1. Is there a simple number for the mean count of other chain Cβ atoms within 10 Å of the Cβ of residues in C:9-17, and what is it?
2. Toward the positive end of the charge dipole of segment A:2-79, about the Cα centre and with charges on Cβ (Lys, Arg +1; Asp, Glu -1), which of A:LEU14, A:VAL33, A:LEU44 goes farthest?
3. Determine, for B:MET302, B:MET132, the number of other Cβ atoms within 10 Å of each Cβ, and report the residues in order from fewest to most.
4. Out of residues 5 or more away from B:ASP227 or on other chains, whose amide H comes under 5 Å of its own, with H placed 1.01 Å from N in the peptide plane?
5. Please figure out what share of the DSSP beta bridges in segment C:3-229 is antiparallel and state it in percent, rounded to the nearest 5.
6. Find, to one decimal place in angstroms, the Kirkwood hydrodynamic radius of segment B:593-637, where the mean of 1/r is taken over every pair of different Cα atoms and then inverted.
7. Using amide H atoms built 1.01 Å from N in the peptide plane, name the residues 5+ places from B:GLY133, or on other chains, whose amide H lies under 5 Å from its own.
8. Where does the Debye-calculated log10 I(q)/I(0) of segment B:648-751 sit at q = 0.10, 0.20 Å⁻¹, using only Cα point scatterers of equal weight, no solvent?
Amino acid sequence: MKARVHVTLKNGVLDPQGKAIGHSLNRLGFPEVGDVRQGKFIELELAETDKVKAKARVEEMCRKLLANTVIENYSIELVG
Amino acid sequence: MTVAPEKNPPVKLPNEPVITPQIVAEHGLAPDEYERLLKIMGRTPTMVELGIFSAMWSEHCSYKSSKVWLKKLPTKAPWVIQGPGENAGVIDIGDGQAAIFKMESHNHPSYIEPYQGAATGVGGILRDVFTMGARPIANLNALRFGDPKNAKTRHLVSGVVAGIAGYGNCMGIPTVGGETNFHAAYNGNILVNAMTVGVAATDKIFYAAAAGIGNPMVYVGSKTGRDGIHGATMSSTEFNEDSESKRPTVQVGDPFVEKLLLEACLELMATDAIIAIQDMGAAGLTSSSFEMAAKGGLGLVMELDKVPMRETGMNPYELMLSESQERMLIVLKPGREDEARKIFEKWELDFAVIGHLTDTERMVLTWHGDVVGNIPIPPLVTEAPMYERPWTLTPLPPELDAAKVPAPTDWKASLLTLMSCPDLASKAWIWHQYDHLIMGNTAIRPQGGDAALVRVPGAPKAASHKGLAMTSDCTPRYVQAHPETGGRQAVAEAWRNITAVGARPLAVTDNMNFGNPQKPEIMGQFAGAIMGMAEACIALDFPVVSGNVSLYNETEGRPILPTPTIGAVGVIDDIATSAGSRLVQSGLALVLIGKTKGWLGQSIYLRELHGREEGAPPPVDLAVERRNGDFVRGEIVGRRVHACHDLSDGGLLVALAEMCLAGGTGACIKLPESDVAPHAYLYGEDQGRYLIATDDGPALVEAAHKAGVPAVLLGYSGGPDITVDGLLALPLQELRDAHENWLPGYMNSAA
Amino acid sequence: MKAAVLVFPGSNREGDVAQAIELVTGRRPQMVWHGDGDFEKVDLIVVPGGFSYGDYLRCGAMAAQSPVMAEVKKRAAQGVPVLGICNGFQIVTEAGLLPGTLMRNSHLKFVCADVHLRVETSQSLFTNRYQAGQVIKVPVAHAEGNYFADADTMKRLEDRGQIAFRYCGPDGSIIDGRGNPNGSSSNIAGVFNDTKTVLGLMPHPENAVEPMFGGTDGKALFEGMVEALS
């Protein structure tokens, strides 16, 4: 089974990279782009077959390493 | 030529294409070069063999167009331990220590993918230096970009600087110096020349020559992927519109792995297990294994299926030509494999025995037991093509009469224009992105002196601190106007910059960046530059110990300015006796050393204020250069100098302005009586000159005259302005704003 | 004072801080490899600067999970002083020994420059050789030094005097974020834990201990620790 983890900055935390991406897009002729937030996408190959168990394990991975919960949120999607 | 009979002719791999003239051409081999290959092989090569010849005979690896000229450079001196031909040059710096250094270009990759191109350039030159047993202590880089108005320039500056920073900072090696120029001739072909200086014990230097039949060949570092396949052949051909689509061949760097590799190699080098070691740079496993075997006069068998691979389905052709980064090839003493493996595994790096040395002088490649390549080694080296290409020297342009160059109508505006022009504006935006302080040995930082000055770690404990001074220099517009003068000037300026901090210049590494050598006028630029450099290196006892040639720097037939970048290293016994260029104190006498004729030909003044690039470049009198420099150095180490700055781009007034800005102190000078027009006196670029700040001006002038050196007291430091009596009074703050705001303003403005 | 300096894959300023400690104590600190969960008893643990694990994922995140950091957390809880510098500060916050986090510099670039710091308190084993309000000059060298904590945490840090250093102008003033090299909240350059036995800071006092090599304004930090811990 695969787990797809998205890590994003919490609302209210300044995202200078997102801001820079937004500016660049505006400059490149995409004036319709407003606020931009960037984050990370992490794909994990798992041996686990039980979705509930897998979810719990990945949650733990997120809290322990993949995300910094002081400033980041995470979401988990299980595939296969 | 005799070819040993082939015992094991190679098998064809599944899907191996038939070698056609088209495939040969795609490998960058000329028809006569392919004929030469057939004669050596005695049969049609396999694909992997063709790829190997193509890489080894590329301009990049074989120096086929430049070799005849490079031989004219002096490479020996009593302090030279190793000249050109190894991974880097080695010089003796006393106390049983050696400085190991080299400069290398990564021009083409940096244009295609500026961040990765520049980053891997830094990674490559670092490996060249630590391969020889040295711990790198400093990086420098010489960068040339296109016209700032060119649409791509901003993106290239931003990417290259971030790439250099990303790699060097992570490695923990301070980036302490360099230079950055802009000129439209580099619009489609930027230059990224990176230099590394390292230090080792003179009795612990490692070389590439393999020895010991049966000894294991070991692969360490990162796994091999499909990075930069044919990078070496790519950088040996001109750019065209297509190169935009060559992106995937640019290799990606991992400075974290290189840091581990550095530590692991140094740890292994502290044992006596290594016989020979070579990094995998351009043409990867091919050139590293060939060089090791050829230098040792041996043969080798490599089992390519044992090479650690990052991707599935890789074939021998890809493995031999991949330019994946952060890899090394080592010949170990027999029986020391486990000891070595432990070290690399501790640093979480791959370690694999992939072959062994033989006495056959052949390179035999196997793939799951089958022979897939079998090449005689000596002829591949001795029969490599070497060309004495036709060349036409650039004639010396007529001298420009300074009287016919208009004086500025507004002196203040003229200085502000020069100090904020792209070539002279502050590069702080760049070097603040480089960690120039790590290791705690940086004594002279960027903009703090004419050369960077770094304490030598590991020198015997004493009250004094031995230092290495380093710089990189070239004035391409001089070389363009007259290559011999320009070559001479580049070497002289490097020597002068080392001298201006009080150090003894010792040796040079050269990075020759030129256009297409098949054009006689380009080959003539190369030849002329070499002649000038050779003359200067001999006159100044300044041998060339390492270097790199980058040709075909052209876009759509338009060549770059000829740019023979000179990297130089010097030594000072005690950093406490050095001098920077910062004017930090009021009341110091300002003395101009050297003769001022007011040479405006090819000057920055002429170009920036009058839009003209004309005339002969300023001549360099090497005997005068040496006499003036030796005097200045003596005064500095005799502790009679507070600050010293050589006069180069922009002449006297720009040098004074730079000293004032760096130290935050103004100055007031008065031009001496002379028949030189004031604008030629202030902005002329006569060579062999220095501006010195000292406590006792008259004493310095007298000492100079005694030594036969022209010297004149111009004025004193102090006050909030830079003042030239009767001509100019400019608040330092206004000058600073102009000087420091250009580059950040440019980089932050919309594309 | 017996000190240990941790070494992770990718650490690169461990030599600089070891050199500074040796200069002040006359004794080379013990270098401790990240895989060693157990090491000699020491008076001070230093988590040095660098790019542990290449700064991949998040600066300091992977180093914070190493065996040696589990041991450091245990000893810190027993009151053993911990000094985290630059990447060490990032590691120590990721490990939960200090509040807040270090984000990407607001201008998005690596910055290496001398900065002015205002010493906010002399009441700690790290800062006892400085005066409160004193301005010192030391370098920074980082790409992720932008300190961030939520409003409650910030208030608590202020109230309890847990702010050790602030970026400031040459005269000590803090106007409109002046002197702030990275966009850090409230110009924070270094913070303590609530017992002031753990200090994390982005600047490099270890690169300001010799007159010819960056000045000596950082030396008092090491001298102060020696005085407090010997």
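Every number in this text was worked out from the coordinates using simple rules, so none of it is lab data. Predicted model only: the values in this text are computed from it and were never measured. Using ideal geometry, Cβ is built from the backbone for each residue, glycine included, and neighbour counts are taken over all protein chains shown.
1. Counting Cβ atoms of other protein chains within 10 Å of each residue's Cβ and averaging gives 6.
2. Going by the Cα projections, it comes out as A:LEU14.
3. B:MET302, B:MET132
4. B:GLU323, B:SER324
5. 60 percent
6. Final number for the Kirkwood radius of segment B:593-637 is 12.4 Å.
7. Distant-sequence amide H within range of B:GLY133: B:PHE206.
8. Debye output, listed in q order: -0.34, -1.13.
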